Amino acid sequence: MLHYKKEIPVMTDLLALYSSVGWTNYTNNPAMLEEAVKASLWQLAVYDKEELVAYIRLVGDGHSVIFVQDLLVRPDHQRQGIGTKLLEEALATFPNVYQRLLATDRNEKNLAFYQSLGFVELSEQACTGMIYMK
């Protein structure tokens with residue numbers, strides 16, 4: 001049975017989850033991940049018994065903008081509605097926020113998932129997105 005916790009997961013569990021989905025920018029720099037998680041606006045972890053299987057974290061001010069920084073579901077737990085429930089819970093926690101943003105890999109799976117939850121590409125709102133990465 002799955003259970004949800006609004007707490008910072010144990011870092012070894014979190015690194016294993018990020019590793020399971022291939023997010024090496026985090027696994028290659030665990031100290032950065034730990035500090036980023038601590039500074040997050042909001043987060044929710046999902047456990048199957050004692051094993052961390054999914055996680056979402058938001059950054060932002062919680063009033064005008066939230067940004068879905070990370071939404072991960074372990075591959076063997078995907079397609080069970082866990083990611084949908086996490087994102088719906090996150091958005092419900094901040095119902096009056098004007099801008100709800102995210103950035104993700106551009107592939108059909110991601111586009112279909114986020115579009116099914118009401119997200120649209122910035123260009124559909126006469127906006128553009130930009131990024132500056134080191």
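Taking the chain as the region of interest, the number of lysine pairs whose Cα atoms are within less than 26 Å, with members eight or more places apart or on different chains, is 11. Using the Cα gyration tensor of the range 78-131, with a ≥ b ≥ c the square roots of its eigenvalues, what is the shape: rounded (a/c below 1.5), prolate (a/b larger than b/c) or oblate (neither)? Verdict is oblate for the range 78-131.
Of Tyr114, Tyr55, the sequence from fewest to most neighbouring Cβ atoms within 10 angstrom is Tyr114, Tyr55. Between Ser116 and Leu102, the distance separating the two model label sites (each 7 Å from Cα on the Cα→Cβ line) works out to 1.2 nm. Sparsely packed loop sites in the range 64-112 (the trypsin sites (Lys or Arg not before Pro) outside DSSP H, G, I, E and B with at most 15 other Cβ atoms within 10 Å) comprise Arg79, Arg106. Counting every other Cβ atom within 10 Å of each residue's Cβ, Ile131, Ile66, Ile8 order from fewest to most as Ile131, Ile8, Ile66.
Only the Cβ atoms of Lys and Arg (+1) and of Asp and Glu (-1) were treated as charged; on that basis the dipole of the chain about its Cα centre amounts to roughly 60 debye. Computed from the Cα positions only, the extents of the chain along the three principal axes stand at 44, 34, 30 Å, in decreasing order. In loop segments of the range 28-121 as defined by DSSP, the GluC sites (Glu not before Pro) with at most 10 further C-beta atoms inside 10 Å of their C-beta are Glu50. Per residue, the average separation of C-alpha pairs within less than 8 Å and at least 6 apart gives the chain a relative contact order of 19 percent.
Size check on the range 16-62: the Cα extents along the three principal axes, sorted descending, read 31, 25, 14 Å. Once backbone amide H atoms are built at 1.01 Å from N, Asp70 has Arg57 as its partners under 5 Å, excluding neighbours fewer than 5 places away on the same chain.
By definition, a body whose alpha carbon gyration tensor gives a ≥ b ≥ c is oblate when a/c is 1.5 or more and a/b is not larger than b/c, and the range 22-101 fits this oblate description.
Here, each number is a calculation from the coordinates, and none is a lab measurement. Quantities reported herein were computed from a predicted structural model and do not represent experimental measurements. Cβ sites come from the backbone with ideal geometry, for glycine too, and all protein chains shown count toward neighbours.
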